[in-house]
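A quick write-up on the structure given underneath.
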2 protein chains.
Amino acid sequence: MKIGEFASQLGVSTDTLRYYEKHKLLMPSRRTSAGYRDYCHSELKQMRFILRAKHVGFSLAEIKELLQIKFHKQQHSCNEVKELTIQKRDLIAQRIDELTRFHQSLTILADTCCGGKEPANNCSILSTLEDLDGLN
Amino acid sequence: MKIGEFASQLGVSTDTLRYYEKHKLLMPSRRTSAGYRDYCHSELKQMRFILRAKHVGFSLAEIKELLQIKFHKQQHSCNEVKELTIQKRDLIAQRIDELTRFHQSLTILADTCCGGKEPANNCSILSTLEDLDGLN
DNA sequence: CTTGACCTTAGTGTGTACTCTAAGCTTTAT
DNA sequence: ATAAAGCTTAGAGTACACACTAAGGTCAAG
């Protein structure tokens, strides 16, 4: 299967596939005589793995690690995979906390603002940001 | 006040200050005869505004908008400021939702994995990522 | 008067995940 | 035979917020 058809079956761009190849996430095993990439069924499966891993929040670098483990399952333990998963989850939890603080602060700012059409001379949002404190 | 002292009072790097100047967020009004930046009290206040805005989650581009409004309060309404704030908050809410979905999926993956020290041949995380579905 | 700390500019590098471009070769249909 | 669609490569561009580098000028202390 050439890159164009492969890409459209997966709903990604050909650029993305070439990018993944360059970064060693998905290397088609064969080329046609003209030098065209020739993808097979197992590469389709692997790409689906990559896309699912992305879907649950892994970065490409992390997915590369997962693929290494997947390719050499004997040399790696379940524990290792679980650790990667938990580390990722905890990092995401931290980010959620940070964003939640942002959200709360912005809600406070918005709620105390009249939102009227008059000039912003006494806008409570601007003055809170200027005058320090009142947020947390 | 020269850039070094100004920076250390605010807990930022001199690079950051030069970066903000290049991007028109904070322009020191004067230079010494030697060409050194000379910061004054009002610039200290403005930098504090910027840092607080960052602290609640605004990007530098958004802060630039806020500063425009702050400088020309007459030409802008409270409503405009409130809108910016709410838009930002809603974007952050979307991002939180996305990360929360990631978090849930990763939790499911981690919880179903034994986490043992044996080889990962039958690792439930890897097989869930391979075989589609089981997450959402 | 020299050393060291501080300042200047312009430009490059970082990380993430692509996207786009240019210049050119291959395949398929007419 | 030729035109359109598709493929190839290497390399540059995007967004964000800086950090770092080189090469050099300035200032205060000893």
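What follows draws every value from the coordinates through simple rules; no lab data is involved. Computed from a predicted model, the values in this text were never measured in an experiment. Note: ideal-geometry Cβ built from the backbone for every residue, glycine included; neighbour counts use all protein chains shown.
Quick look at the numbers
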item	result
Shielding by partners, peptide B:55-62 (average Cβ within 10 angstrom, other chains)	4
Per-residue mean of C-beta atoms belonging to partner chains within 10 Å, peptide A:96-102	6
Residue among A:CYS114, A:CYS78, A:CYS40 with the largest mean-square fluctuation in a Gaussian network model of chain A, springs linking Cα atoms under 10 Å	A:CYS114
FRET E, pair B:MET1, B:GLN94, Förster distance 41 Å, beta-carbon r, rounded to 0.05	0.50
Cubic angstrom per residue, convex hull over Cα atoms of chain A	190 Å³
Extreme residue, positive dipole direction of the stretch A:1-56, given options A:VAL56, A:ILE3, A:SER29 (C-beta unit charges)	A:VAL56
The stretch B:1-58 shape via C-alpha gyration tensor axes, a/c threshold 1.5	prolate
Percent breakdown of C-alpha pair distances by 10 Å bin, ordered from the shortest bin, for the protein assembly as shown	6, 21, 20, 18, 18, 13, 4, 0
Point-charge dipole on Cβ atoms (K/R +1, D/E -1) for chain B, about Cα centre, debye to 20	1280 debye
Magnitude of the charge dipole, the protein assembly as shown, Cβ model with Lys/Arg +1 and Asp/Glu -1, debye to 20	840 debye
Dipole magnitude of the stretch B:33-109, debye to nearest 20 (Cβ charges: Lys/Arg +1, Asp/Glu -1, about Cα centre)	240 debye
Per residue convex hull volume, Cα atoms of the stretch A:77-136, in Å³	90 Å³
Given charges at Cβ of Lys, Arg, Asp, Glu: chain A dipole, positive-most of A:PHE71, A:TYR19, A:THR112	A:PHE71
Helical mean residue ellipticity (222 nm; -39500 (n - 2.57) per DSSP H run of 4+; nearest 500) of chain A	-21000 deg cm²/dmol
Chain A: relative contact order as a whole-number percent, Cα under 8 Å and 6+ apart	14 percent
Coil-residue chymotrypsin sites (Phe, Trp or Tyr not before Pro) of the stretch B:14-48, DSSP, other Cβ within 10 Å capped at 16	B:TYR36
Spatially proximal lysines relative to B:LYS82 (Cα-Cα < 30 Å; intrachain offsets below 8 disregarded)	A:LYS117, B:LYS22, B:LYS24, B:LYS45, B:LYS54, B:LYS64, B:LYS70, B:LYS73
